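Asker: Here's a structure for you.
Laboratory data are not the source of any read-out in this text; all were calculated from the coordinates shown. No experiment lies behind these values; they were computed from the predicted model shown. Cβ coordinates were reconstructed from backbone atoms using ideal geometry, including for glycine residues, and neighbour counts include every protein chain displayed.
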Amino acid sequence: MRAIISEYVKTAEPVGSQVLVEKYKLDVSSATVRNEMLELDELGYLEQPHTSAGRIPTEAGYRYFLDNQFISKKPSFAQEKKLSQTIREGQGDRQSAKALAKILAELSQEFILTAFTDNDFYYTGLTNLFIQPEFSNQHIVYNIAGVIDQLDRHLAKLYHQVNDEIVILVGTNNPIDPALSLITVKTSGNLLIAILGPLRMPYRTNVGLLEYSRELMKNLS
């Protein structure tokens, strides 16, 4: 499941058994992988969008991966340097939160939300969200834009539910929009940081970025 999600995150294309065997150097045959993918399909973790295509993870598949196979990815040295410099140069004020949001949007290529209270927030990276292939449909873009316009309403509830433990809310568990996934945490100074993106977001990378940001903020407090 981990290899399937990893490949789908990179390509946004249905994943076939032969691709998995060749790219991930699996020590089994393509037929064996195909049978295992069929079992995952029957369990509801994968689906086949076209009869001749490979398979893609379902919402249940992402949840299974996060619950059973997930390990966050440590940021690269360059990413750590950018985050560290941004946080250490800040004073814990709103301008610092904006600067952190912009760096996280740049590094994650996702939509970033920061908030000091449930009605004092800032967001950036909306373009990152809309350039994802999942949102090429104009109707979906309109729906997401409407959700963003109502962020204050969604944030009022979310802000008081989040603490210093990273929370991942996938699809229908996401109070902002079921077409998206949300990774969020509250750091020192009660600053909420959230990454919003498609279900096909790179969870390992994004969680790693938030973990590192949280620890930097904690060390400054």
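Asker: PRE reach from D67 (point 7 Å along Cα→Cβ): which of segment 149-172 fall under 13 Å by backbone N?
Answerer: From segment 149-172, the list is 170.
Asker: Relative contact order for segment 77-220 using alpha-carbon pairs under 8 Å, separation at least 6, rounded to a whole percent?
Answerer: Answer for segment 77-220 is 23 percent.
Asker: In addition: Compute the FRET efficiency between K74 and A179 as 1/(1 + (r/R0)^6), taking r as their Cβ-Cβ distance and R0 = 41 Å, and round to the nearest 0.05.
Answerer: It comes out at approximately 0.90.
Asker: Next question, about the same structure. Using alpha-carbon positions, what is the distance between the centroids of segment 131-182 and segment 55-70, in Å?
Answerer: Value for the Cα centre distance between the two parts: 19 Å.
Asker: As a test of understanding, state the convex hull volume per residue of segment 1-128 from its alpha carbons, in Å³.
Answerer: 152
Asker: Report the label-to-label distance for A156 and L126 in nanometres (one decimal), using points 7 Å from each Cα along the Cα→Cβ vector.
Answerer: Inter-label distance under the simple model: 2.1 nm.
Asker: Using 0.36 nm times the number of residues separating A145 and R34, minus their current alpha carbon distance, what extension gain do you get?
Answerer: Using 0.36 nm per residue and subtracting the Cα-Cα distance, I get 36.1 nm.
Asker: Compare L113, L40, L155 in a GNM of the chain, Cα atoms joined below 10 Å, and give the one with the largest fluctuation.
Answerer: L40
Asker: May I pose another question? For the chain, what does -39500 (n - 2.57) per DSSP helix run (n ≥ 4), summed and divided by total residues, give at 222 nm, in deg cm²/dmol to the nearest 500?
Answerer: That calculation yields -16000 deg cm²/dmol at 222 nm.
Asker: When ranked by the protection proxy of mean other Cβ atoms within 10 Å per residue, highest first, what sequence do the peptides 178-185, 210-217, 77-84, 146-153 form?
Answerer: 178-185, 210-217, 77-84, 146-153
Asker: Relative to the longest principal axis of the chain, what angle (0 to 90°, nearest 10) does the C-alpha long axis of helix 203-220 take?
Answerer: Its long axis makes an angle of about 20 degrees.
Asker: Taking other Cβ within 10 Å of each residue's Cβ, how do E36, E7 sort, fewest first?
Answerer: Starting with the residue having the fewest Cβ neighbours, the order is E36, E7.
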